[in-house]
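Each remark here refers to the structure printed beneath this line.
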Amino acid sequence: MTETYQSTIVSDANSASKNIHNLYSRVDHSFAIKGISQRKPLVSSWLPTIQDTLSSLLRWTGSYPAELREHYLNFAREVVVPRLNPSRAADWPHYIGTHNHGPYEISIAFAPQKKAKVRFSVQPLAASDAGDDPLGQKDLRKKVEDLASACHADHKRLNTFIDSVFLTDEEQAGLLEKHANRGDAAAVLPQQNCFIAFDLEPVDNGIPSINMKLYLFPQLKALATGRDLLDVTESILIRLADGDKALLASWEMVRTFLTSDGKENLLHFLAIDCLGPHMKPRFKVYTHTHVNSLASARHVITMGGRIPSPKYLNTLWPLLMDMEDVSLAERDGLQKPLREPNSKYCGLNPTFELVPGNAAPVVKMYVPTWQYARDEPGIVRRYQRLLQTQGLGHYDIEDAVQSVFGEERDTGLHNMASIVSARDGESVAFTAYLGPRFWEGLSQKGADVHWPVEAHPHIPWSAEVFEETVNEVSLQLKFPNTSALSAPPPVHSALDAIGNAPCVRLRKVVPEGSADVYLKLESLNPTGSYKDRLARAIVEEAEKRGNLRPHAGSTIVEATGGSTGSPLAFVCTLKGYGFHAVCSDVFAKEKLRTMAAFGAFVDIVHSPTGKITPDLFPSMVKKAKTVVEDNERYYAAEQFRNKDCMADYKTLGDELVQQFPRGIDAFCGAIGGAGMVMGVAKVLKGVRAETMIVTLEPASSPVVAKGHGGVHGIEGISPGFVPPLLDDTLHDEARAYPEDEARAMCRRLAKEEGLLTGTSTGLNVVGALALAKELGPGKVVVTVACDTGLKYRSGNL
């Protein structure tokens, strides 16, 4: 049966998908080839091995209490295995098996500061004599859905994924008809196939948590529709994205790479993490290529230079490729000879992970270490060294393997290693993947085989571990997440230079043990202020409605301290409008002069106290209203009530989504009109509802935080009343901090971080550091540099 299956598909040269050859990318059915099909069925022979291995590994990791171990063993025995049995020996060749991948696999995931985690994967099959289900789709779907239910997974995305990859009734009928002239088409065509993996989470609360991953092959869909794999994959991802612009942008980045300077990477299969309803799904596109040099790896990991290259790849590569005795100059271009050049598992196997809300993919790299190792015990030694470099040497894999195999050379650890990015940009994590040879040796020893492990400290576990820990097989490097890096193109107007500001990680001012804190440098906008966005939006949204027409003699009027006035004057001069700014002598002279430099008429309201008092802004607003009422060609910007300003602030949120594809845990910002914080909050919470949004005010005027205004000296914020644009459903908390702390932080930012900022930015950073201390390591807090400190040099900054 195997011979007929392979020769039939390969000979289908007239198919529109002739590049597919073997439907599963030349994955040979090595179990049938090795004669396993002549033995007893795989399920009955391997079940005791699964149970023994799981029991042994769950205990050896030290991560699972007895009750949790028993639950996971029962899950494997009672939920998974009953859905694996093929109905007859004729089904066995449908297993996709290679020398390192079998119908059942078990692995251990290691990561610094995290508990070791056990996972196992299986390949369920549909019955071959299913009558009206010749390709096994209905039976396989039922098994997958049952397993997902047992894991409490969200079925919505899962069903969309299955619907997208499985054939429709019409496509199945057409495919069977096309192959009918070759006899029993259902016998010649392969069944629909999949792999399912289960992460057995080492939770501390005692409540079992199993995260399921489903791997499907799009080749059958390509054969039935006559489309190539790239187009089929794109249609599947478009359907899964469900309109998510960030995910679509991430896929476009992958497609561009695969069709341009990454053409040697061929699509293999797709996967989805079937998580609980409260967690983001993750989609993965697996590819393969026969290149294997360090330069080739760097090219793929950086997606052709679109994202940064990891600094430590040069250090890691010798361990992966068994070339520690090769010079760095030679490593870069060295193509190592392949043991099995026709195998899909030769060369490098890049994987691109796409997540809703993340505009850049996470790039993983699977390296088939067994292909390059000069001896198999050497693989184990290098695994052990990788553990030691990450402070995980107490997990003694060398001793464990020797306990099972003694001094035998064939360890069963000839598997794959993978490299992947993660949030901290520095740590390394990997998974030891146990092959069939290891299982056989382990089952002969029994579940109580001694796996030596030294006492190690208890490591707390949380749901965040699943977002961070290893995925699939073997070694995982962690790099900074970033969107595509490239120089921006020339722009036609200074208006087009607004936005796309970089985010800078603060290091020296952030206390040890805190979350990562990033400052988005909105001070790099044309007028040096984040309010350039607001000004452009107010004017252009009014133009769209017909309230304003460029160069038609209209004048825009606004009550402003200059933070909004300078950007409005800038936009007005570019578009041909007049600008009348109602301001006060309490604000920085630099701002008043900037507005005048842009051609604005600056109308001064005197402040008797020389401070920003609760009644100052209302008096300015009242005067601006009078100015507008006296002239029909005047247009009131009304920043405190104008929802137009949120349009461009939403783009700020979109940029943050792209810059932090793995998500932001907290965002904070000082509020004046509240448009910036609300615009950003709407985007961030739309992508990740759990993102914490905090509004900030000076402690002497905590209108939102405590309900009363007061005198303060931080320009551009806290006007003395609750801004109408503030939406209580979009922010989680309001906080107030002393003004002197904000000013002191401005000085620290200049001296320690090299950033010259204004006082509202100082307040933002004070709030961000407080959040970072509360959230702790591994989290991300972001705030905004509102403007540059150059505007305040004549004051008491």
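Laboratory data are not the source of any read-out in this text; all were calculated from the coordinates shown. Computed from a predicted model, the values in this text were never measured in an experiment. Here the Cβ positions follow ideal geometry from the backbone for every residue, glycine too, while neighbour counts run over all protein chains shown.
Mind giving me the nanometre distance, one decimal, between the label points for Asn631 and Lys142, set 7 Å out from Cα along Cα→Cβ?
7.9
Residues of segment 641-668 with backbone nitrogen within less than 15 Å of a virtual label 7 Å along the Cα-to-Cβ line of Asn547, please, listed as ranges.
Hits in segment 641-668 for Asn547 at 15 Å: 641-648.
If R0 is 25 Å, what FRET efficiency do you get for Ser619 and Ala596 from their C-beta distance, rounded to 0.05?
0.70
Work through the residues other than Asp727 whose Cβ is under 15 Å from its Cβ and net out their charges, Lys, Arg +1 and Asp, Glu -1.
Summing Lys/Arg as +1 and Asp/Glu as -1 gives +2.
What is the calculated FRET efficiency for Val504 to Asp727, with r their C-beta to C-beta distance and R₀ = 25 Å, to the nearest 0.05?
0.30
Of all the Cα-Cα pairs you can form in segment 674-797, what percent are over 24 Å apart?
Summing the P(r) tail past 24 Å for segment 674-797 gives 27 percent.
Which net charge results when you count Lys and Arg as +1 and Asp and Glu as -1 among the other residues whose beta-carbon is under 11 Å from that of Ala359?
-3
Taking a 21 Å limit on the Cα-Cα distance, which of the listed pairs Lys280/Lys773; Lys156/Lys245; Lys114/Lys143 fall beyond it?
Flagged as over cut-off: Lys280/Lys773; Lys114/Lys143.
Along the Cα-to-C-beta direction of Glu67, a point sits 7 Å from the Cα; which residues of segment 207-225 have their amide N less than 20 Å from that point?
207-211
Could you sort the peptides 675-683, 759-767 by per-residue average Cβ neighbour count (10 Å cutoff), highest mean leading?
759-767, 675-683
Evaluate E = 1/(1 + (r/R0)^6) for Gln388 and Thr168, where r is the Cβ-Cβ distance and R0 equals 45 Å; express this FRET efficiency to the nearest 0.05.
Computed FRET efficiency for Gln388 and Thr168 comes out at 0.30.
When each pair of different Cα atoms in segment 530-636 is counted once in the 1/r mean, what is the Kirkwood radius in angstroms, to one decimal?
Answer for segment 530-636: a Kirkwood hydrodynamic radius of 13.8 Å.
Using a simple spin-label model with points 7 Å from Cα along the Cα→Cβ vector, what separation in nm is obtained for Ala689 and Ala494?
With each label placed 7 Å out from Cα toward Cβ, I get 4.4 nm.
Among the GluC sites (Glu not before Pro) within segment 628-686, which fall in a DSSP loop and have no more than 12 other Cβ atoms within 10 Å of their own Cβ?
Glu632
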